[in-house]
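The values are calculated or read from the model by the stated rules, or taken from the named source; none is laboratory data. Just so you know, these numbers come straight off a predicted model, no measurement behind them. Positions of Cβ are generated from backbone atoms using ideal geometry, with glycine treated the same way; all protein chains shown enter the neighbour counts. With ligands, DNA and RNA removed, areas are computed over all heavy atoms of the protein, side chains included. Shrake-Rupley method; radii C 1.70, N 1.55, O 1.52, S 1.80 Å.
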Amino acid sequence: MEAVADTMADVRVALRRDARHRTATALILVLPLALFLLLTFLVPIGALLWRAVDNPEIARAVPRTVAALARWDAASPPPDQAYAAFVADLQALREQTDAGMLARRLNTEVGGARSLVMNAWRAQPLPAAVDAAAVRAQLIALDPRWEEPWIWQAIAKNGARLTPDYLLASVDLKRAADGSIVTMEADRSAFRRILARTFGIAAIVTAIALVLAYPLAWWLSTMAPRRANVLLIVVLVPFWTSILVRVAAWIVLLQSGGLVNQALRGIGLIDQPLALLFNRTGVVIAMVHILLPFMVLPLYSVMKSIPRDYVRAAVSLGSHPLAAFLRVYVPQTYAGVAAGSLLVFILAIGYYVTPALLGGPEDQMLSYSVAQYANVHLDWGMACALGSVLLAATLVLYAIYRRLARMEPALA
Amino acid sequence: MKRLAALLPLIVIALHAHAEGTLTVVNFGGANSTAQKKAYYEPFEKSAGVKILPVEYNGEQAKVKAMVETGKVTWDVVEAESADLDRGCDEGLYEQLDWSRIGPKSDFLPAAVHACGIGIFVWSTVLAYDASRLKDPPKSWADFWDVKRFPGKRALRKNARFNLEFALMADGVKPAEVYKVLATKDGVERAFRKLAELRPHLQWWEAGAQPPQFLVAGDVVMASAYNGRIDAAQREGRNLAIAWAGGIYDLDYWAIPKGTPNRDLATRYIAFAVGPDRQAEFARLISYGPTAHKALTKLDAKTLALLPSAPANVKDALKFDFRFWSDHGEAMEKRFNAWVTQ
């Protein structure tokens, strides 16, 4: 009996050891992928989110000024100590680059700050002054703009290491000098409108893709597997072609002297060529084409697994075939509809190349603004904030999907 | 196998030597690139025995910034517009230029001399049109805005730079007054208002090669364009023409991105290419004005008359104020962008 118990214990130990081994093996097997994801996905996203609130330039370059301005009410004339502290800070900036970064950061706040700061830096060292008031007089003699409060407000506002400004600006809000949050002036604000447009275009593309893909997927699912496979490849071929090639092909097709217009004119449907390029129409057409496989495949895989018997049973029990289709078949495909729509929508809100090449300025989506801020304005904080908005929108969508899936098990 | 292993260090060294013998020079593409190749790259390759790798861009400073920030600088010489050079110099994107190896500063136009770069040519953004389509030629930016007399689309570069100046001139501001007006809040409003007036008739361009293409294809009746690109189209037999009045001229510079391993070679290249012979050759290939005084004496009257710096062309033109744009460019461009994507 004891021997048996011993053996049992041995077996248990052996089993446990084996399980540990297996876990270890599994871990080692997924480790490369986990590392890869960490380095190429999580770290960059973390960096993106960090840069959207990171605001090191002013705190680093002019710490004494920031301290001197800490108690300032942002309305009365700045204290003389701030002037003295600022000159001391400037003299501590050895490299032109350090002053340049400060000038650049302040210039994104208020136009004109760049030359103001760079000229003050170049004028250093100023002759020794008896007190702070004398330093103030020196700076103002250098440029009367030093007397105005705006540059000091910009420094005081950005003294903290982290800033909400980029994120606020990405939804057309800003902090006023007194710290309250207000709406951006109408001629400066664009992002709410662009965000709404991004969602609008994505919704239209998703809807059209669904309408086109649903009958196609249904038809494919009714076919013999061999024929279905051949046709699926036809669906997939565009999927394997470079997006730039496809966009270029659309330019050739859609331009005013292009194939589509020539054909329409040839059969006498139109007299004047239709404007299909550099507007919303071209963008939507090309995006639907590019994203269609992402709708067809989930629909097809769901439809494939639905037995025909249910519809047949409904019809044999006296239902109208159309009613049977709508009330018995369609609900069973909800999971595919939801998965395909979510996939297409999420991919669509991040589109950049297609609208950039086929759309006019009025058709650009949020990614265009990200590129514009990153490449043209060199304002990476703003680019990252806009990217974060896009990321947040995607996560919210996903959460909504999960919530729906829980309420409607068929979706899961 | 062993022999191969022994050879490996040699191969690595050879590859490394090859990398050292290559200089990456970045330009604005198109006809400008072609002319630079003939006037600068090929002669330098021959004289110095190195390979030049030309790269084209549209002036985006983000690439330079990304390279400098990550310490992986693969561009050695970059052609930059004046405002970008000035900003880049302040912000540490570009090396200080070793003028002792270039030559006396007095050999060049005063505007060509900068701590971080040297002006290589004078170019102008001008009003261009297809002379075979417009019998009654437009003469000014006011004509550009006159959609009744000249019906059809117009093309402008998709940014605030130049367009705000053009808008003010079209609104009756004299070239000499433009930057004074633009420095005021009302002036900016006025420029944007005037630009908005033309908006339904506008088609935007981004690359310098586009405006002549638009004009030739008949997509637009008039366009703002780099004068050299119109010159190149004329050489190809296109009947495009330039109205010089109200053109905005500026210099393009060569600068060396901070931290390039080829700084020495880059300086040698610049010293070689800004010589009067090379500059004169460049001006013969594309009508951009040399910055070396001696280069001008080498050009014939016909070539000189085509340059933006020719007395007749510069008479009613405006010098681009890079200091204004370096200070206010960011705010203007952001506002322009908010407006254009509406």
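A few notes on this one:
- Pairs from the list B:K65/B:K258; A:K157/B:K185; B:K148/B:K174 with a Cα-Cα gap above 19 Å: A:K157/B:K185; B:K148/B:K174.
- Probe 1.4 Å, all protein chains present, accessible-area order of B:F272, B:F214, largest first: B:F272, B:F214
- Using R0 = 30 Å, the C-beta based FRET efficiency linking A:L404 and A:A26 works out to 0.40.
- Neighbour net charge for B:P257 - beta-carbon separation under 10 angstrom, K R +1, D E -1: +2
- Pairwise alpha-carbon distances in region B:168-253 exceed 15 Å for 67% of all pairs.
- Chain A: calculated mean residue ellipticity at 222 nm from DSSP helix runs of at least 4, using -39500 (n - 2.57): -21500 deg cm²/dmol
- The mean accessible area for residues of the protein assembly as shown, using a 1.4 Å probe and ignoring ligands and nucleic acids, is 48 Å² per residue.
- Taking the convex hull of the alpha carbon positions in region A:220-283 and averaging its projected area over all directions gives 6.3 nm².
- With respect to chain A, whose longest principal axis is taken over its alpha-carbon atoms, helix A:191-222 is tilted by about 10°.
- Inter-probe distance in nm under a simple model that places probes 7 Å from Cα toward Cβ, at B:K153 and A:R188: 3.3
- Solvent-accessible area assigned to carbon and sulfur over the protein assembly as shown amounts to 63 percent, based on a 1.4 Å probe.
- When accessible surface is computed with a 1.4 Å probe, chains A and B are found to bury approximately 2900 Å² between them, both chains counted.
- Radius 9 Å from Cβ of A:N55, net charge of other residues (Lys, Arg +1; Asp, Glu -1): -1
- Kirkwood hydrodynamic radius computed over region A:191-411 comes to 19.6 Å, based on all pairs of distinct alpha carbons.
- Helix-only [θ]222 nm of chain B, DSSP H runs n ≥ 4, -39500 (n - 2.57) each, per residue, nearest 500: -13000 deg cm²/dmol
- Extent along the principal axes, Cα only, for region A:297-406: 67, 32, 20 Å, with the longest axis given first.
- Estimated FRET transfer efficiency (A:I140, A:V396; beta-carbon r; R0 45 Å; 0.05): 0.35
- FRET efficiency estimate (nearest 0.05) - Cβ-Cβ, B:A305 to A:W50, R0 41 angstrom: 0.15
- For A:355-364, mean number of other protein chain Cβ atoms within 10 Å: 2
- Protection proxy ranking of A:330-339, B:231-240, A:237-246 - average other beta-carbon atoms within 10 Å, highest first: A:330-339, B:231-240, A:237-246
- Given a 1.4 Å probe and the protein chains as shown, A:R193 ends up with an accessible area of around 90 Å².
- For residues of B:160-172, the mean tally of beta carbons on other chains within 10 Å: 0
- Here's the picture: a label point sits 7 Å out from the Cα of A:E95 along the beta-carbon direction, and within region A:101-133 the residues with their amide nitrogen under 13 Å of it are A:101-102.
- Sparse-neighbourhood loop sites, trypsin sites (Lys or Arg not before Pro) in region A:293-351 - DSSP loop, at most 14 other Cβ within 10 angstrom: A:R308
- Site pair A:R327 and A:I243 shows an inter-label distance of 4.4 nm when each label is modelled 7 Å from Cα along Cα→Cβ.
- 10 Å Cβ neighbours from other chains, averaged over peptide B:104-110: 0
- Helical segments meeting 18 Å axial Cα length and Kyte-Doolittle 0.5 threshold in chain B (DSSP H): B:2-20
- Annotation: region A:1-124 has a Kirkwood hydrodynamic radius of 20.0 angstrom, from the mean reciprocal C-alpha pair distance.
- Reported value for region A:1-51: 59 Å³ per residue, from the convex hull of its C-alpha atoms.
- Listed peptides A:314-321, A:89-96 by packing density, highest first (mean Cβ within 10 Å): A:89-96, A:314-321
- Distance histogram for the protein assembly as shown (every C-alpha pair counted, 10 angstrom bins, percent rounded to whole numbers): 2, 11, 18, 21, 19, 14, 8, 4, 2, 1, 0, 0
- Largest first, the extents of the alpha carbon coordinates of chain B on the three principal axes equal 80, 44, 43 Å.
- If both residues of a DSSP beta bridge must be in the protein assembly as shown, then about 65% of such bridges are antiparallel.
- Added length on full extension, which subtracts the Cα-Cα distance from 0.36 nm per residue, A:A313 to A:L259: 14.6 nm
- All lysines inside 20 Å of B:K46 as judged from Cα atoms, apart from same-chain residues fewer than 8 positions distant: B:K37, B:K38
- Sorting the segments A:201-212, A:360-371 by their residues' average number of neighbouring beta-carbon atoms within 10 angstrom, most packed first, yields A:360-371, A:201-212.
- Rg and Dmax over the alpha-carbon atoms of chain A stand at 31.3, 103 Å.
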